[in-house]
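Student: One structure, as structure tokens, below. Some questions next.
The values are calculated or read from the model by the stated rules, or taken from the named source; none is laboratory data. Remember, it's a predicted structure, so these values are computed and weren't measured experimentally. Note: ideal-geometry Cβ built from the backbone for every residue, glycine included; neighbour counts use all protein chains shown. Side chains included, ligands, DNA and RNA excluded: accessible areas come from the protein's heavy atoms. Shrake-Rupley method; radii C 1.70, N 1.55, O 1.52, S 1.80 Å.
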Amino acid sequence: MFADYSMSELGAIFAMQGFAGLILFSVFVLMALGLAIIFGQMGVINMAHGEFMILGAYVTYLTSNLFGDYMPALFGTYFFVAMFLAFLASGALGLFVEWALIRHLYKRPLDTLLATWGLSLILQQIYRSVFGAREVGVTIPDWMMGSLPLTDLIEVPINGIFVMVLAVSISIAVYVMMFRSTWGKQVRAINQNRVMAGAVGINTEWTDRLTFGIGCGVAGVAGSAFTMIGSTGPTAGQLYIVDTFLVVVFGGAGSLLGTIASAFSISQAQSIMEFFLSGSMAKVLTLLVVVGILMIRPQGLFSLKLRK
Amino acid sequence: MQSSAFMSRKEIIGFVILAALIFVIFPAVLDNFRLNLFGKYLTYAFVAVGLALCWGAGGILSLGQGVFFGLGGYCMAMFLKLEASTPENTAIQSTPGIPDFMDWNQLTELPWWWEPFYSLPIALIAVVAVPVMFAFIIGVAMFTRRVGGVYFAIITQAFAAIMTILIIGQQGYTGGVNGITDLRTLLGWDIRTDEAKTVLYFVNGVLLFAVLLVAQYVRKSKLGRLLIAMRDQEDRVRFSGYNVANFKIFIFCLGAAFAGIGGAMFTLQVGFMSPTLVGIVPSIEMVIFCAVGGRLSILGAVYGALLVNWAKTSLSESFPELWLLGLGGLFIAVVMVFPNGLAGVWSEKIEPRLLEIMGKKKSVAPAPDGAPAE
């Protein structure tokens, strides 16, 4: 199958395909980071995670309309404001959901799964009633359009680069929060031993709520970033949820590095196979391999040794 | 102990009431269209009963029951489709004698794995055997490695996703997103007439009762007690010398077999099978049927399937927008407010009141299996 291509063309194909994989990787990382905090650190299954992302996407959509209508001069910068607002909106919703729902269910993880699924259905219907069933797209600022020609054959889209930069910076931000801040220290302490953490004076209830809120806020930022590369519909969140969970579980719950490594391997595998097979078969094969590996190694790629 | 008997008196009454409802009251009250609809709901009850055993008793939450429902349904649909695609019926195709969707997708030959489905006995065996085999592979891989709880739920959900993508992607072999449609006869017997639909409804009811009796037997047997013990204290059961994984594999396969039968009956009564019944959304909806009925109660599961689907049909007929809100609210309510579902409401609230009114000064025992735990 390679006979028709010259060497340089092949190289270009692999480079572009690899780059497409990198964009997919960034998307996976963005999706999975919030979940890695919520599921990895708290052990809460949040099936409404996708809907929190979509909330961020809709906030971005609203912000872009607002800037377009009232502040066209500043339109180039609206995205940064939108990202901040998306974080606040999703985070606030997260805080509320934790207070109303999740905190009653910490002892029953499977029930959390069902309740958050119910929440996701409700949110979907609300999005549909408010924004309509059709997908909406935002106007991308001019500086993000177009692509950078690297060589004669290789071109990379700017919005893809932007999403990658975003994924890297958010990963670093989450890392700093988890491992350098007081909050992160408290979260990890609670994860290791909740009772002892409480005994040394950590407000476990508040830390849980904050953790959930921050996880949801990161999801909102991810959703905001997605508007740069695709459109947003009320049910789009559901499409991501299985992938996202597999990324986190495959990486090893509780390990931030594992999440990033698994996002990288899954996205690269998928995009490289997409070149040889049809899109759906590439997806099926990737998922099967991931599930197969999880069957052999249920704890995921990187696992923390914990005394439970 | 009284409960060592196959059924307590209360359970016999419960079975009789359900039988009266399904075999006498529904056919007498409902017109043909509605009866067929209720027949469709009852096919979901097969899945819900399986889940009551797996999840309620065993604590294994599978979010992939739609896969087994679909596998059973597809096995049946493949047989019916082959019967409908005789060379005479499909003479206008470029390759007569193969199902129409294969012809549309430029297939010129029946794939080898379709061949066995020319035979009804093989198809009927496959309806149970294929889901069970699948469940067995998943079960052996997961349970012997002690994967359980939420991880099991997520991985079974991934299977539901894989299955849907596969069916939709392989359009030429599976009928794609439309599924297998236009099914006509079963061994020359037209399944689309009102009369046939009534007969199928009763066959469905009888099968459901057979499944319920098997489930009741399992629940009352030593296996059933072990399941509950495993759900609550898995390690103690293991330390007592039992092979926990084998029991889990068995109950998971049994649930899959029930789901497969339900799927086959769905295909027969509704007349098609499509990936919309396989994926993540239907699979998790099947869990809610079981949860609404009361995850511990096999009879409750049947009522749950009936009630939720009936609500779905009537709500989405009149207020399509409310349905998703209602379903979402139901998920939350069933978890937060009444975790034992209808069966719990019945045994905790209604039954004591009823007995009080009837003047019996008898204290009612709590639900036989105790509260659910994770």
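Student: Would you point out the residue of the stretch B:282-299, among those that are surrounded by 24 or more Cβ atoms within 10 Å (Cβ to Cβ) and under 18 Å from residue B:220 (Cα atoms), that is nearest to the other protein chains (Cβ to nearest Cβ)?
Tutor: B:295
Student: On the basis of being at negative phi and either modelled with pLDDT under 85 or open to solvent by less than 40 Å² (accessible area, probe 1.4 Å) (or both), does residue B:202 make the cut?
Tutor: Considered against the rule, which asks whether it is at negative phi and either modelled with pLDDT under 85 or open to solvent by less than 40 Å² (accessible area, probe 1.4 Å) (or both), residue B:202 comes out as no.
Student: Which one of these does residue B:164 not meet: (1) assigned to a helix (DSSP H, G or I); (2) more than 14 Å from every other protein chain (Cβ to nearest Cβ)?
Tutor: (2)
Student: Of all residues being touching a helix residue (DSSP H, G or I) at 6+ places or on another chain (Cβ under 9 Å) and without any contact (Cβ under 8 Å) to a residue 40 or more places away in the chain in the stretch B:137-149, which is surrounded by the fewest Cβ atoms within 10 Å (Cβ to Cβ)? Just the residue, please.
Tutor: B:145
Student: Among the aliphatic types (A, V, I, L, M) and either within 14 Å of chain B (Cβ to nearest Cβ) or touching a Pro at 6+ places or on another chain (Cβ under 7 Å) (or both), is that true of residue A:20?
Tutor: For residue A:20, the condition - among the aliphatic types (A, V, I, L, M) and either within 14 Å of chain B (Cβ to nearest Cβ) or touching a Pro at 6+ places or on another chain (Cβ under 7 Å) (or both) - is not met.
Student: Now a separate question. State all residues of the stretch B:319-338 that are at the interface with another protein chain (Cβ under 10 Å from one of its Cβ atoms) and in contact with a Gly (Cβ under 9 Å, 6 or more places away or on another chain); if no residue qualifies, say none.
Tutor: B:327, B:328, B:329, B:330, B:331, B:332, B:333, B:334, B:335
Student: Here is a further query. So which helices (runs of 4 or more DSSP H) stay within the stretch A:208-308 end to end and still have 3 or more residues that are under 25 Å from residue A:60 (Cβ atoms)?
Tutor: Qualifying helices (runs of 4 or more DSSP H): A:236-251, A:256-276.
Student: Do you know which residues across the stretch B:185-208 are assigned to a loop (DSSP other than H, G, I, E, B) and under 20 Å from residue B:72 (Cβ atoms)?
Tutor: Result: B:187, B:191.
Student: Scanning for something open to solvent by 40 Å² or more (accessible area, probe 1.4 Å) and assigned to a helix (DSSP H, G or I), does the stretch B:60-77 turn up at least one residue?
Tutor: No; the residues of the stretch B:60-77 include none that is open to solvent by 40 Å² or more (accessible area, probe 1.4 Å) and assigned to a helix (DSSP H, G or I).
Student: What tally of residues in the stretch B:114-131 results from selecting those that are open to solvent by 60 Å² or more (accessible area, probe 1.4 Å) and among the β-branched types (Val, Ile, Thr)?
Tutor: Total satisfying the criteria: 2.
Student: Out of curiosity, is residue A:255 surrounded by 20 or more Cβ atoms within 10 Å (Cβ to Cβ) and over 13 Å from the mean Cα position of the chain (by Cα)?
Tutor: yes
Student: Select from the stretch A:262-294 the residues that are away from chain B (no Cβ under 14 Å) and either buried (at least 18 other Cβ atoms within 10 Å of the Cβ) or free of Cβ contacts under 8 Å to residues at least 12 places away in the same chain (or both) and list them in ascending order.
Tutor: A:263, A:264, A:265, A:267, A:268, A:271
Student: Follow-up question, since we're still on this one. It is to be established whether one or more residues within the stretch A:106-129 are more than 14 Å from chain B (Cβ to nearest Cβ) and among the acidic types (Asp, Glu).
Tutor: no
Student: A further question on this structure: Just one of B:169, B:176 is open to solvent by less than 10 Å² (accessible area, probe 1.4 Å) and within 14 Å of chain A (Cβ to nearest Cβ); which is it?
Tutor: Result of the check over B:169, B:176: B:176.
Student: Would you point out which residue out of B:285, B:317, B:321 is acidic (Asp, Glu), assigned to a helix (DSSP H, G or I) and more than 30 Å from residue A:240 (Cβ to Cβ)?
Tutor: B:317
Student: Which pairs have Cβ atoms under 6 Å, sit 6 or more apart or on different chains, and link a residue in the stretch A:93-112 that is closer than 14 Å to residue A:216 by Cβ to one that is open to solvent by less than 20 Å² (accessible area, probe 1.4 Å) and part of a helix (DSSP H, G or I)?
Tutor: Filtered contacts from the stretch A:93-112: A:94/A:212; A:94/A:213; A:94/A:216; A:95/A:213; A:98/A:212; A:101/A:115.
Student: Any chance you could count how many residues in the stretch B:295-314 are over 15 Å from the mean Cα position of the chain (by Cα) and in contact (Cβ under 8 Å) with a residue 24 or more places away in the chain?
Tutor: 3
Student: Can you tell me which condition residue B:134 does not meet? The list is (1) open to solvent by less than 50 Å² (accessible area, probe 1.4 Å); (2) more than 7 Å from chain A (Cβ to nearest Cβ), and all the others hold.
Tutor: Exception for residue B:134: condition (1).
Student: Show me the helices (runs of 4 or more DSSP H) found entirely inside the stretch A:144-207 where at least 3 residues are closer than 22 Å to residue A:34 by Cβ and out of contact with any Lys or Arg (no Cβ under 6 Å at 6 or more places or on another chain).
Tutor: Output list reads A:158-180, A:182-192.
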